[in-house]
Amino acid sequence: MSTSQRPVAAVPRWIVVFFVASLLIQIIWKAQIRPGAPEAVDLPSPPRLEALRVAAFGEPGTLARLTMLYVQSFDYHGTNALPYRKLDYTRLIGWLTAIQALDPLSQYPLFSAARVYAEVADPLRQRMMLEFVYAEFQLDPNRRWPEAAHAAMVAKHRLKDLPLALKYAQAIDRLTTASGVPLWAKQMSVFILEDMNEIDAARIMLGGLLATGRITDPAEKQFLEHRLKTMEHRAASKTR
């Protein structure tokens, strides 16, 4: 044996993972492409999570990032004439679900779901992606609340669906327990209720929040007390 040759065990693990992942991705992709197929290529069916775990060779985070890059290649692939906003979102969600499960601590898949794929000008696709974010948020609320908060904003401002926005906002308030979750995220449901003209419910929630003493910032407390007085004035006006 030549002294210049190195055993496979001496090759860094990330290189092996990269090679295997690239091979796996090529196999999946080629299996979906038929001779003479047009340039507009949709995402193939998502791989099974078990297959990804085997292919990861003990490096799930690395493979998750590589697989995410593969999925995102459909956003701007030089030879792909199919914009990502026209992709099969059922397949896309399947890929994102598998990637997130492969590396649960990663925020990349949910970030892309909430900030990219849920921003398309297609209400049906938006709702599908928001529900995916909501489902994944419930598995790890204290880590994934930012994506759920953005989902509430998309539902409110893009879809103009206040009940859906309230659903997400109330889940953040109900499920998050970490001290690092900011009060503005837990207060979202109060102001969505106000937008829905559910003044009594919003007033009760905001009053209860102020009564807990959890709000210690003077400026924030003053702002919320002013909002509470405004709500009380609106509630009194309704009864006249």
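With r defined as the distance between the Cβ atoms of ARG214 and LEU139 and R0 fixed at 25 Å, what FRET efficiency is calculated, to the nearest 0.05?
According to the calculation, E is roughly 0.45.
At 1.4 Å probe radius, can you tell me the per residue accessible area of the stretch 180-240 in Å²?
Details: 3580 Å² over 61 residues.
Heavy-atom accessible area per residue stands at 59 Å².
Quick one: grab Rg to one decimal and Dmax as a whole number for the stretch 130-169, Cα atoms only, in Å.
Reported Rg and Dmax, both Å: 9.3, 27.
Please quote Rg/Rh for the stretch 77-212 to two decimal places, taking the Kirkwood radius as Rh and restricting both calculations to Cα atoms.
1.03
Pop out the carbon and sulfur fraction of the accessible area of the stretch 88-163 as a percent, whole number, probe 1.4 Å.
On the stretch 88-163, the fraction of accessible area on carbon and sulfur atoms equals 58 percent.
Which value, in Å² rounded to 10, gives the accessible area of ASP217 with a 1.4 Å probe and all protein chains present?
70
Can you give me the accessible area per residue for the stretch 65-173, using a 1.4 Å probe, in Å²? Please report the intermediate quantities before stating the final value.
On the way: 4630 Å² over 109 residues.
Per residue, the stretch 65-173 has an accessible area of 42 Å².
The values are calculated or read from the model by the stated rules, or taken from the named source; none is laboratory data. Treat the numbers as computed from the prediction; the structure is a model and nothing was measured. Reconstructed Cβ throughout: ideal geometry from the backbone, glycine too, with neighbour counts over all protein chains shown. Just the protein is used for accessible areas: all its heavy atoms, side chains included, with ligands, DNA and RNA removed. Shrake-Rupley method; radii C 1.70, N 1.55, O 1.52, S 1.80 Å.
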